[in-house]
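Below: one structure, written as structure tokens.
The values are calculated or read from the model by the stated rules, or taken from the named source; none is laboratory data. Computed from a prediction, not measured in an experiment: that's the story for all the values here. Here the Cβ is made from the backbone with ideal geometry for all residues, glycine too, and neighbour counts use every protein chain on show.
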Amino acid sequence: MYVATILVYLVVIVAIGVYFKRYVSGVEDFALAGRSLGLPVLLGTLFASYIGGATVVGWTGSFYEMGFDWWFSGIGALLGIALATFVMAERCRKLEQFTVPDLLALRYDNRSRYVSAAMIIFGDIAIVTVQIIAIAGVLVAFTGLDRIPAMVIGVVSFTLISLFGGMRGVAFTDALQALLIFGGLLAGVIAILGVGSENGGFAALPDGYFQPLTSVGGLGAFGLAIAALGTTAVSQSLIFSRIFSARDERTAKRGMLLLIPAAFLGYLFVAVMGYGGRAVLGPDVVPDDVFATAVTTLMPPVLGGLLLAVIIAAIVTSTNSILLSASVNLARDFYQQLAPRETSSVELRRVGQGAVVVFALLSFTLAVLMPDIVTAIVFAYTLYSAGLLVPLYAGFLWRGATPTAGMLSVIGGGGTALLWYVLGEPFGLPPIVPAIVVALATIVLVSLFTSRPSQEQLRVFDV
């Protein structure tokens with residue numbers, strides 16, 4: 001049952017993604033779906049990308065382990081969406097750019113573009129590597145495949161949809177998968193609540209499980225919230241690429257506004273799955289295994305198959321987006337800027353498609369050869385979030401930020417995050433917290449002593 005459900009699902013989704021090849025001509029079609037996404041598809045692709053594999057599997061285990069306190073991460077993530085919605089959504093769509101480094105180059109100069117693009121590509125490749133390992137783990141556990149063939153199936157699925165369908169294929173398959181993710185999680189919540197009611201409900205949960213600051217102190221709660229806010233508010237692959245792809249600025253902002261309650265419901269479903277798992281399964285399940293254990297031991301086979309498809313859907317949607325994001329960064333932020341001649345839209349699209357294949361192969365190689373450095377790999381995503389949060393938002397909120405300050409803030413934030421990680425996170429603070437402090441101090445102090453931004457660089461405030 002599980003094997004048939006997963007394989008049929010993958011074949012159908014890949015076929016739909018490849019179908020959209022006919023609509024991809026130039027780089028704008030490939031990277032941004034021709035800037036044509038209407039509200040339903042936009043909301044669907046935002047939700048499916050945002051409620052990804054890490055949320056469905058990882059956050060279920062985190063709620064299981066930490067009770068209420070994991071909601072501090074949820075609150076931070078929702079605040080990150082709100083920040084992107086009210087500060088950046090309409091302005092970004094009006095500026096008609098392709099990438100977050102485009103925005104930094106407009107506001108500062110190309111030095112910020114190159115540094116930030118390199119960080120994003122490095123971080124995106126790292127996350128694709130982790131997603132390959134994740135989908136292989138699901139396929140090995142539930143289909144009996146060996147690890148390498150399972151990885152091959154995963155990376156081929158990711159690559160084909162991004163390579164041929166571009167953002168149009170990714171967005172449309174995301175919208176379909178959003179319905180599957182939402183419906184599957186809702187069905188899982190109903191099922192686990194039913195099982196829980198037969199076993200005494202939440203009465204078996206430990207004391208203080210739903211009380212704030214039981215698992216973490218105030219500093220830890222702040223760290224969870226600010227880390228989630230930072231990674232969300234600058235996520236090019238999950239948020240900004242969708243904003244750039246919206247039909248117009250009004251659609252972009254409405255889609256982001258609707259994502260806030262939609263993401264909250266997704267978190268709520270995942271939280272109930274975690275809480276129900278703790279009540280029924282007890283405290284001894286490894287957090288990363290809670291979702292899979294609940295699916296296989298507490299659900300009927302049909303519902304279990306649906307929820308396994310939900311896991312696959314969540315992993316596929318977020319990985320497609322990340323792979324496409326990195327490829328557009330290479331084409332737009334390096335190839336187009338450094339080419340000795342003017343590049344055509346079709347040429348940039350081909351470079352982006354080539355980058356999809358190269359990055360997918362690189363991620364696959366890392367997953368095969370170095371699966372034991374997952375924690376270090378995941379940090380790469382935090383590195384670019386720490387480096388981009390302050391210069392992006394400070395630059396678009398404060399006219400006084402100078403080009404040199406913006407560039408040094410990117411380096412200072414990312415460098416501080418790396419140093420903090422190497423030092424073992426002193427005081428229990430996640431790297432993004434000191435990174436924000438250093439980046440903010442850098443952009444303010446350096447702006448006081450360097451050349452003011454030009455009128456062209458301040459044009460972003462006029463849209």
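Of the numbered conditions (1) under 30 Å from Ser451 (Cβ atoms); (2) assigned to a helix (DSSP H, G or I); (3) over 21 Å from the mean Cα position of the chain (by Cα), Glu342 fails exactly one; give the number of that condition.
(2)
Return only the number of the condition from (1) crowded, with 23+ Cβ neighbours inside 10 Å; (2) more than 18 Å from the chain's Cα centre (by Cα) that Gly154 does not satisfy.
It fails just one condition, (2).
Go through (1) in contact with a Phe, Trp or Tyr (Cβ under 9 Å, 6 or more places away or on another chain); (2) surrounded by 17 or more Cβ atoms within 10 Å (Cβ to Cβ) for Phe210 and report which single condition fails.
Answer for Phe210: the failing condition is (2).
Consider Ala339 carefully, then state whether it is more than 20 Å from Thr129 (Cβ to Cβ), surrounded by fewer than 21 Cβ atoms within 10 Å (Cβ to Cβ) and out of contact with any Phe, Trp or Tyr (no Cβ under 7 Å at 6 or more places or on another chain). Outline the logic, then answer.
Working: more than 20 Å from Thr129 (Cβ to Cβ): yes; surrounded by fewer than 21 Cβ atoms within 10 Å (Cβ to Cβ): yes; out of contact with any Phe, Trp or Tyr (no Cβ under 7 Å at 6 or more places or on another chain): yes.
Yes: the conditions hold for Ala339.
Go over the candidates Gly400, Gly424 one by one and state the one that is out of contact with any helix residue (DSSP H, G or I) (no Cβ under 6 Å at 6 or more places or on another chain) and among the small types (Gly, Ala, Ser). Spell out how you get there, then give the answer.
Details: Gly400 fails: out of contact with any helix residue (DSSP H, G or I) (no Cβ under 6 Å at 6 or more places or on another chain).
It is Gly424.
Going by the structure shown, is Arg22 out of contact with any helix residue (DSSP H, G or I) (no Cβ under 9 Å at 6 or more places or on another chain) and in a helix (DSSP H, G or I)?
For Arg22, the condition - out of contact with any helix residue (DSSP H, G or I) (no Cβ under 9 Å at 6 or more places or on another chain) and in a helix (DSSP H, G or I) - is met.
Quickly run through the range 428-459 and pick out the residues that are of a type in the set (A, V, I, L, M, F, W, C) and either closer than 16 Å to Met407 by Cβ or more than 27 Å from the chain's Cα centre (by Cα) (or both). Spell out the reasoning first.
Filtering the range 428-459 down to residues of a type in the set (A, V, I, L, M, F, W, C) leaves 429, 432-433, 435-441, 443-446, 448-449, 458.
Residues satisfying the conditions are Ala435, Val438, Ala439, Leu440, Ala441, Ile443, Val444, Leu445, Val446, Leu448, Phe449, Leu458.
Hey, can you tell me all the residues within the range 287-301 that are within 19 Å of Leu139 (Cβ to Cβ) and assigned to a loop (DSSP other than H, G, I, E, B)?
Met299
Can you pull out the residues in the range 8-37 that are exposed (fewer than 14 other Cβ atoms within 10 Å of the Cβ) and either touching a Pro at 6+ places or on another chain (Cβ under 6 Å) or not charged (D, E, K, R) (or both)?
Selection gives Val8, Val11, Val12, Ala15, Ser25.
Which of the residues belonging to the range 377-401 are buried (at least 23 other Cβ atoms within 10 Å of the Cβ) and over 29 Å from Ser363 (Cβ atoms)?
Gly395, Ala401
Only one of these is surrounded by 18 or more Cβ atoms within 10 Å (Cβ to Cβ), in contact with a strand residue (DSSP E or B) (Cβ under 9 Å, 6 or more places away or on another chain) and basic (Lys, Arg): Arg107, Arg93. Name it.
Values: Arg107 fails: in contact with a strand residue (DSSP E or B) (Cβ under 9 Å, 6 or more places away or on another chain).
Checking each option against the conditions leaves just Arg93.
What pairs come out if I take residues in the range 170-183 that are under 15 Å from Leu43 (Cβ atoms) and pair them with residues that are outside any helix (DSSP H, G or I) and β-branched (Val, Ile, Thr) whose C-beta lies under 7 Å away, six or more apart or interchain?
Ile181/Ile51
For the range 441-462, give me each residue that is surrounded by fewer than 18 Cβ atoms within 10 Å (Cβ to Cβ) and not hydroxyl-bearing (Ser, Thr, Tyr). Give the steps one after another, and end with the answer.
Keep residues of the range 441-462 that are surrounded by fewer than 18 Cβ atoms within 10 Å (Cβ to Cβ), which gives 441, 444-445, 448-452, 454-456, 458-459, 461-462.
Once the filter is applied, which keeps residues that are surrounded by fewer than 18 Cβ atoms within 10 Å (Cβ to Cβ) and not hydroxyl-bearing (Ser, Thr, Tyr), the range 441-462 yields Ala441, Val444, Leu445, Leu448, Phe449, Arg452, Gln455, Glu456, Leu458, Arg459, Phe461, Asp462.
When you check Ala77 against the structure, is it modelled with pLDDT of 95 or more and in a helix (DSSP H, G or I), yes or no? So that I can check it myself, show each step before the final result.
On the way: modelled with pLDDT of 95 or more: yes; in a helix (DSSP H, G or I): yes.
For Ala77, the condition - modelled with pLDDT of 95 or more and in a helix (DSSP H, G or I) - is met.
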